[in-house]
Amino acid sequence: MNPNNNITSLPGLMIETAFNPDFASKGRQKSIDFINSDLTSDSQSEALVLLTSDCLSNETLTGNVYAAVFIDAKMTVTHVFSNISSSEVVPPLKEAIDMAVSKGGFALLAHGGTPSEHEKFLTENFKAGDHVKLIYNGTEITLEQTLAMAGHHAASQIKLNIDGNTMYTTTETTATISGTVSNTDSNSTYRISVQLFDASGNKAGSAMIGVDEKGKFKGSINLLSGVNYIDATVVENGNHLGDTTESLILFRKDRVTETKDKQVIMWMDQYSSAKALNTAEKIDAMIVTAKNAGVTAFAFDVKGTEGYASYKKATLSNTPYMTNTLNPNKHVDMEIDFLQEMINACHSHGLKLYASLNFFTEGNLQADDSAFDIFNKHRDWAEIFQAPEDKGELRSVLDTNRSCLLAYVNPANEEVQQLQLQRVEEILMNYDVDGIVLDRCRYDNFYADFSDISRTKFEHYLAGFSKRLDNWPGDVYTIQADGSMVQGKYFYEWLTFRCHVIRDFVKNLKILIKKYENAKNRNISLSAYVGSWYEIYYQVGVNWADKNFKYNSRLEFPLPDLYTDEYSRSSYLEYLDFLMIGCYFDTEEKISRYTTLGHIATDGKVPLLGSISIPDLKTPESQRHGFQAAYNNSDGAMIFDLCYVNWDWMKYAIKGRE
């Protein structure tokens, strides 16, 4: 097909970039102005244009196209080009076009009379390996759905529309499936074939639903315990129309947590509330207010991102107390032992106190602040990147051209691990916390760590499978001069290896906690906070799914080949007592969807708490709906963060009242 001479647009269609979880839970969004339109037309001024693979050619990218981003069928960025008119760009540009044409996907183009904000947006916000999204009126959609809504499919094509959310959690034993069939033939008869599949993809049920003369249908199907993958297909005159199939993904919970057993955990950042809570009396008053609102526990940052401690008895690690920060914006006058007073207040009012640690960060790069002076005394701790911004060079997080806020340290470095274990042990030794929470117990990003330590450990890991590292780092991947990524022969082994590094650390941490549980004869839990976006969590080297999780193509993850038996063995879920997943979104539907993905990944093996971010929910109504979506679809809820709380709003959100 050639680009459409009729300019096509879809108001409300946006591209969403990848995001850095240290900054946000969603990427930047920008409107897409035209779809598969004629780039030679003089009627188009500055615009962001989407061209699908069947509209791409060298000719379509000539003229007033200043930048291009190529995105494959799995919504992963493959190439980013600027200065397209340069002759040096032609060979790799042709390669990118050929790849897109052969494998599907699309390109985003900055088109116009002069270089524009669109060019800047594409070149500054997209990197090879990023996972991006198409968004329509706030909802994530596929490329196929985009084209259908934009009218790029035949108008007469029969279309199946399912009512309601297509991914949710339920405690019911049956599911109602309803919707409409459009573009039907009045001389034909229609039914909806419903097929149900279990976690392993085996067919486990079916139903046939009638369609009335208006194209409407409604029926039900029995559900299995756990995940249910459901395909609905239009049947016309007895013929199954495969291209009409729509899928639903439901998780049926058998184990229902009683309200009295559900936790409502308030997260408390180390510094954000410190100035308002620098005395025992202020802390006690806040705890009383929180309890009256319905909070049952606090997750309190006792080791912040810069490495400072919120406790004074650092008898093993000698970590400086938080009042020693070099950042004037975080300075606080505080004579009390912050952790001890938080424990006193929580326990006196019947609340639990979980000690959260930012495990693998040791500094703030923008504030040049680090408790152990990673910038001068411990540079060897810092992660080494192979990032697109560094054009193939291996660079420390302290020196990279990549925009970074925090100084992450290498989780594979045993000296780093030992320091973190010392911090946990001195907390367990000196304070009666109710548990330890893993936060930032991960790699910084997709591009770490390429230190000599990690290379040696990766070689040892490969040797266990009779494999040998021949080319470093090329056997993992290579960043080309144009910023594109070429995967090496051990790309998937590398992603799995990183998850094993984190798993082994968490295993040792659990052993340490068990030691103090026995010594003190009291329960001490281990939990974790993770992002709910499991489909891309491999990027930070953590596998928080159950070891029996089976990938299903209906989940549409960007790296479907990753989920092998060996990757399953990298899971650390077996060491956790509960898991908090950050559903940091601004709609009830998204919070419900990602809570459901959490259930599918963990298969109910541990209590799962959906978590909300107050800055994403800006009204009393949105906070109430958001909290209830997380709370009702999981085993409780976590609220981020205390510093943002309006207690009148939050009380009604937790109580579920108008």
For PHE505, indicate whether it is more than 21 Å from LYS605 (Cα to Cα) and in contact (Cβ under 8 Å) with a residue 12 or more places away in the chain. no
Condition test on ALA96, is it farther than 23 Å from ARG554 by Cα, outside any loop (DSSP other than H, G, I, E, B), modelled with pLDDT under 75 and touching a strand residue (DSSP E or B) at 6+ places or on another chain (Cβ under 6 Å)? yes
Quick check on region 527-548: of everything there that is buried (at least 22 other Cβ atoms within 10 Å of the Cβ) and polar (S, T, N, Q), which residue is farthest from MET638 (Cα to Cα)? GLN539
If the requirement is being under 17 Å from MET580 (Cβ atoms) and out of contact with any strand residue (DSSP E or B) (no Cβ under 9 Å at 6 or more places or on another chain), which of these qualifies: ASP504, ASP565, ASP546? ASP546
Can you tell me which residue is nearest to LEU196 (Cα to Cα) among those in region 143-170 that are polar (S, T, N, Q) and out of contact with any strand residue (DSSP E or B) (no Cβ under 7 Å at 6 or more places or on another chain)? ASN165
When region 60-71 is examined, which residues are found to be open to solvent by 10 Å² or more (accessible area, probe 1.4 Å) and either at pLDDT 90 or above or assigned to a strand (DSSP E or B) (or both)? TYR66
Scan region 323-338 for residues that are in contact with a Lys or Arg (Cβ under 8 Å, 6 or more places away or on another chain) and surrounded by 17 or more Cβ atoms within 10 Å (Cβ to Cβ) and jot them down. ASP337
Name the single residue, out of those in region 346-371 being in a strand (DSSP E or B) and of a type in the set (A, V, I, L, M, F, W, C), that is nearest to ILE502 (Cα to Cα). LEU357
Between residues in region 206-221 that are closer than 16 Å to LEU248 by Cα and residues that are open to solvent by 50 Å² or more (accessible area, probe 1.4 Å) and modelled with pLDDT under 95, which pairs lie under 6 Å by C-beta distance while being six or more apart or on different chains? none
Identify all residues within region 107-146 that are out of contact with any Phe, Trp or Tyr (no Cβ under 7 Å at 6 or more places or on another chain), in contact (Cβ under 8 Å) with a residue 40 or more places away in the chain, among the hydrophobic types (A, V, I, L, M, F, W, C) and part of a strand (DSSP E or B); write none if there are none. LEU108, LEU109, LEU134, ILE135
Pairing a residue in region 155-176 that is under 17 Å from ASN633 (Cβ atoms) and among the charged types (D, E, K, R) with any residue that is open to solvent by less than 60 Å² (accessible area, probe 1.4 Å) and part of a loop (DSSP other than H, G, I, E, B), where Cβ atoms lie under 9 Å and the two sit 6 or more apart in sequence or on different chains, gives GLU172/LEU223
Considering only residues that are open to solvent by less than 40 Å² (accessible area, probe 1.4 Å) and aliphatic (A, V, I, L, M), look in region 385-398 and name the one that is farthest from the chain's Cα centre (by Cα). LEU398
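Results for (1) within 30 Å of TYR477 (Cβ to Cβ); (2) more than 28 Å from the chain's Cα centre (by Cα); (3) among the β-branched types (Val, Ile, Thr), shown as yes or no for each residue.
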| position | (1), (2), (3) |
| --- | --- |
| GLY138 | no, no, no |
| GLN157 | no, yes, no |
| THR169 | no, no, yes |
| PHE197 | no, no, no |
Any chance you could count how many residues in region 449-487 are assigned to a loop (DSSP other than H, G, I, E, B) and either under 29 Å from ALA96 (Cβ atoms) or open to solvent by less than 70 Å² (accessible area, probe 1.4 Å) (or both)? 17
Within region 248-280, residues part of a loop (DSSP other than H, G, I, E, B), open to solvent by 40 Å² or more (accessible area, probe 1.4 Å) and touching a strand residue (DSSP E or B) at 6+ places or on another chain (Cβ under 6 Å) come out as ASP269
Checked against (1) touching a helix residue (DSSP H, G or I) at 6+ places or on another chain (Cβ under 9 Å); (2) over 17 Å from LYS655 (Cβ atoms); (3) crowded, with 23+ Cβ neighbours inside 10 Å, THR596 satisfies every condition except (1)
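Residue-wise test of (1) touching a helix residue (DSSP H, G or I) at 6+ places or on another chain (Cβ under 9 Å); (2) among the small types (Gly, Ala, Ser); (3) under 30 Å from SER403 (Cα atoms).
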| position | (1), (2), (3) |
| --- | --- |
| SER116 | no, yes, yes |
| GLU119 | no, no, yes |
| ASN125 | no, no, yes |
| ASN137 | no, no, yes |
| LEU160 | no, no, no |
| THR174 | no, no, no |
| ILE177 | no, no, no |
| THR180 | no, no, no |
| SER188 | no, yes, no |
Based on this model, can you work out whether ASP333 counts as at positive phi and outside any helix (DSSP H, G or I)? no
If we scan region 1-21, do we find a residue that is hydrophobic (A, V, I, L, M, F, W, C), at pLDDT below 80, in a loop (DSSP other than H, G, I, E, B) and exposed (fewer than 14 other Cβ atoms within 10 Å of the Cβ)? yes
Name the one entry in TYR538, TYR516 that is more than 17 Å from the chain's Cα centre (by Cα) and in a helix (DSSP H, G or I). TYR516
Specify the residue that is modelled with the highest pLDDT; the eligible residues are those in region 40-55 that are of a type in the set (D, E, K, R) and surrounded by fewer than 17 Cβ atoms within 10 Å (Cβ to Cβ). ASP54
Residue among TYR567, TYR572, TYR563 that alone is of a type in the set (Ser, Thr, Tyr), surrounded by fewer than 24 Cβ atoms within 10 Å (Cβ to Cβ) and touching a helix residue (DSSP H, G or I) at 6+ places or on another chain (Cβ under 7 Å): TYR567
Step by step: first the residues of region 609-627, then only those that are surrounded by fewer than 23 Cβ atoms within 10 Å (Cβ to Cβ), within 18 Å of the chain's Cα centre (by Cα) and of a type outside the set (D, E, K, R), then the one that is farthest from ASP641 (Cα to Cα). Which residue is that? PRO615
Could you go through region 482-504 and let me know if any residue there is more than 19 Å from GLN539 (Cα to Cα) and of a type in the set (A, V, I, L, M). no
Among the residues of region 489-511, are any part of a loop (DSSP other than H, G, I, E, B) and open to solvent by 70 Å² or more (accessible area, probe 1.4 Å)? yes
For region 291-305, does any single residue satisfy the condition of being more than 23 Å from PRO607 (Cβ to Cβ), open to solvent by 30 Å² or more (accessible area, probe 1.4 Å) and not β-branched (Val, Ile, Thr)? yes
Between LYS127, LYS120, which is within 26 Å of PHE585 (Cα to Cα) and in contact with a strand residue (DSSP E or B) (Cβ under 9 Å, 6 or more places away or on another chain)? LYS127
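The values are calculated or read from the model by the stated rules, or taken from the named source; none is laboratory data. The structure displayed is predicted, hence computed values, not measured ones. Don't worry about glycine lacking a Cβ; one is built from the backbone with ideal geometry, like all the others, and counts go over all protein chains shown. These area figures cover heavy atoms from the full protein model, side chains too; ligands, DNA and RNA do not enter into them. Shrake-Rupley method; radii C 1.70, N 1.55, O 1.52, S 1.80 Å.
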